[in-house]
Amino acid sequence: MIKNLLLIILISITITGCVFNNQKFVLSDKNDYTIHEENPNLDKNLITNLEYKAIVSNNEYKKILQKPKRNLEKEEQLAYIEKALMEFYSEWKGVKYKFGGDTKKGIDCSAFTQKIFKEKFQLDIPRTTRTQVKVGTTVKKSELKLGDLVFFKTGRIDRHVGVYIGNGEFMHASIKGVKVTKLNKPFYKKAYWTSKRVIN
């Protein structure tokens, strides 16, 4: 009788093991055992108290929130300024220098900068270099932005002006005509005077 009872218990354990061979038990936060589904045919009602781990930690989430947002309006403005400057330069590239001139037959440096701001940005600035240097906000050479005016003392009384176009370059009406020049070119690096921001 006892042998038969032991045999029945052994068979029951074997059957139970077959039923749960595709399932595993995990310890939940509530210290009770719950079934984790690996068998797609398992009854959904049997799955309770499942734990879900976050892909991003709390610290990583805080860092994401603290990242500065892109200033799209500012980026669009800079893109517009760059396009306007390049369009103007394409129109005037190679035009000869002429003191007092303001046409494509010949133009001087201050007339060139005056036309840029008038035609591309609808801004009126004075006609001469000595008066243009008095407008706008003074900016450091290291903080130049697209469209800033750059001034030079090219002689005892001579003054020169151009427009910064980024990447350490400025466009201007030089004695060799309208061209783009590096700010760190020895002559202009030594002659650099100041910079002014007219476009806010």
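The values are calculated or read from the model by the stated rules, or taken from the named source; none is laboratory data. As the structure is a prediction and not an experimental result, all values here were calculated from the model. To get the accessible areas, we keep the full protein, side chains included, count just its heavy atoms, and leave off ligands, DNA and RNA. Shrake-Rupley method; radii C 1.70, N 1.55, O 1.52, S 1.80 Å.
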Legend entry - Diffusion constant of the stretch 98-166 at 20 °C, which comes from Stokes-Einstein with the Kirkwood Cα-pair radius and 1.002 mPa s, µm²/s: 170
Legend entry - Percent accessible area from carbon and sulfur atoms, the stretch 108-200, protein chains only, probe 1.4 Å: 51
Inset, instruction - Among the listed pairs K98/K141; K83/K104; K120/K179; K134/K189; K74/K96; K96/K185, give every one whose C-alpha distance is greater than 23 Å. - result: K98/K141; K74/K96
Inset, instruction - List the relative contact order of the stretch 131-200 as a percent without decimals, with contacts defined as Cα pairs under 8 Å and 6+ residues apart. - result: 42
